[in-house]
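One structure below.
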Amino acid sequence: MIHACRSSPAPTPGNDDHRVPLLATSRGPFAIVPGPDLAWDDGCLARRGCPSPAKVLRHCAEGTQAESWSEMAAHADQRVAQKIVVRGKLVLQGQLTTAQGCPTPLVCCNGASSDVVLDSPVATLQLGGLGCEGDDSQLCCDVLAHGQWVVASGRLGPHPFSRPDAMRWLLKDPDICIVAETFHEP
């Protein structure tokens, strides 16, 4: 079972922000979230490897302007269906999708997934179509999301699993670039 793949609850304004973002790591051209270091069965992703390499994110053009997602999230309901350009930290928000008891130890019979999001203490922004999928041994991710600063643009909409007390947002058809390493949120 992937112990690092835990779900961070959708944050609500004013709560203590003790969420621990899930971060991917690179292994060659692949972005992964490794599970426990065990002698997994040959059918597990940790032994088979990821089916395709992660998408390489381009660097943002110098002078790229974007509003902080943490600031925009507070009034995102006023921007629904509009194209937005926001910056934030690219992380994973994970959840285990199945919880079967495997009949034999070290055989991967559970599926796991995680969403690629811009993290914020106000509300998460899922970057539509990007995520990680895998099994008990490892997740394979579409992009390397390890807390780096990015700019994302796309059309804003409510996430299908949003609730009034825990709003989540979805950026449709996102275009993402990496911000220069020297950037720091004010």
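The values are calculated or read from the model by the stated rules, or taken from the named source; none is laboratory data. This is a predicted model, so every value here is computed, not measured. Here Cβ is always computed from backbone atoms with ideal geometry, including for glycine, and neighbour counts include all displayed protein chains.
Here's a check for you: in the range 134-144, which residue that is assigned to a strand (DSSP E or B) and within 18 Å of V107 (Cβ to Cβ) is nearest to the chain's Cα centre (by Cα)? Step through it out loud before you land on a result.
Quick first cut of the range 134-144, residues assigned to a strand (DSSP E or B) only: 134-135, 138-141, 143.
Next cut, within 18 Å of V107 (Cβ to Cβ) only: 134-135, 138-139.
On the way: G134: 14, D135: 17, Q138: 15, L139: 12 Å.
The selected residue is L139.
For the range 92-108, state whether one or more residues are within 24 Å of P121 (Cα to Cα), in contact (Cβ under 8 Å) with a residue 60 or more places away in the chain, among the aliphatic types (A, V, I, L, M) and not in a strand (DSSP E or B).
Among the residues of the range 92-108, not one is within 24 Å of P121 (Cα to Cα), in contact (Cβ under 8 Å) with a residue 60 or more places away in the chain, among the aliphatic types (A, V, I, L, M) and not in a strand (DSSP E or B), which makes the answer no.
Could you check the range 145-173 and list, in sequence order, the residues that are of a type outside the set (D, E, K, R) and in a loop (DSSP other than H, G, I, E, B)?
Quick first cut of the range 145-173, residues of a type outside the set (D, E, K, R) only: 145-154, 156-162, 164, 166-167, 169-171.
A145, H146, G147, Q148, H159, P160, F161, S162, P164, M167, listed by residue number.
It is to be established whether one or more residues within the range 80-102 are under 15 Å from the mean Cα position of the chain (by Cα), under 19 Å from R48 (Cα atoms) and surrounded by fewer than 19 Cβ atoms within 10 Å (Cβ to Cβ).
No, the range 80-102 contains no residue that is under 15 Å from the mean Cα position of the chain (by Cα), under 19 Å from R48 (Cα atoms) and surrounded by fewer than 19 Cβ atoms within 10 Å (Cβ to Cβ).
Results for (1) at pLDDT 95 or above; (2) under 22 Å from F30 (Cβ atoms); (3) of a type outside the set (F, W, Y); (4) crowded, with 16+ Cβ neighbours inside 10 Å, shown as yes or no for each residue.
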site: P121; (1), (2), (3), (4): no, no, yes, no
site: G128; (1), (2), (3), (4): no, yes, yes, yes
site: D136; (1), (2), (3), (4): no, yes, yes, yes
site: P158; (1), (2), (3), (4): no, no, yes, no
site: P164; (1), (2), (3), (4): no, no, yes, no
site: L170; (1), (2), (3), (4): yes, no, yes, yes
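Would you mind finding the one in S70, S114 that is crowded, with 17+ Cβ neighbours inside 10 Å and farther than 23 Å from P29 by Cβ? First the steps, then the outcome.
Working: S114 fails: farther than 23 Å from P29 by Cβ.
So the residue among S70, S114 that is crowded, with 17+ Cβ neighbours inside 10 Å and farther than 23 Å from P29 by Cβ is S70.
Looking at (1) outside any helix (DSSP H, G or I); (2) free of Cβ contacts under 8 Å to residues at least 24 places away in the same chain; (3) within 19 Å of the chain's Cα centre (by Cα), which one does M72 not meet, given that it meets all the others?
(1)
Need the failing condition index for R47 against (1) assigned to a helix (DSSP H, G or I); (2) under 23 Å from the mean Cα position of the chain (by Cα); (3) within 22 Å of V143 (Cα to Cα), just the number.
(2)
Being under 17 Å from the mean Cα position of the chain (by Cα) and not β-branched (V, I, T) is the filter; apply it to the range 51-67 and report the residue that is surrounded by the most Cβ atoms within 10 Å (Cβ to Cβ).
Filtering the range 51-67 down to residues under 17 Å from the mean Cα position of the chain (by Cα) leaves 53-57.
Narrowing further to those that are not β-branched (V, I, T): 53-55, 57.
Numbers: P53: 13, A54: 22, K55: 13, L57: 17.
In this case the residue turns out to be A54.
What number of residues within the range 36-65 are of a type in the set (A, V, I, L, M), more than 15 Å from G111 (Cα to Cα) and touching a residue at least 60 places away in the same chain (Cβ under 8 Å)? Talk me through it step by step, then tell me what you get.
If we filter the range 36-65 for residues that are of a type in the set (A, V, I, L, M), which is where we start, we get 38-39, 45-46, 54, 56-57, 61.
Then keep just the ones that are more than 15 Å from G111 (Cα to Cα); that gives 38-39, 54, 56-57, 61.
Next cut, touching a residue at least 60 places away in the same chain (Cβ under 8 Å) only: 38-39, 54, 57, 61.
Within the range 36-65, residues that are of a type in the set (A, V, I, L, M), more than 15 Å from G111 (Cα to Cα) and touching a residue at least 60 places away in the same chain (Cβ under 8 Å) number 5.
Would you check if S7 is touching a strand residue (DSSP E or B) at 6+ places or on another chain (Cβ under 8 Å), at pLDDT below 90, polar (S, T, N, Q) and closer than 17 Å to L127 by Cα?
So S7 fits the description; yes.
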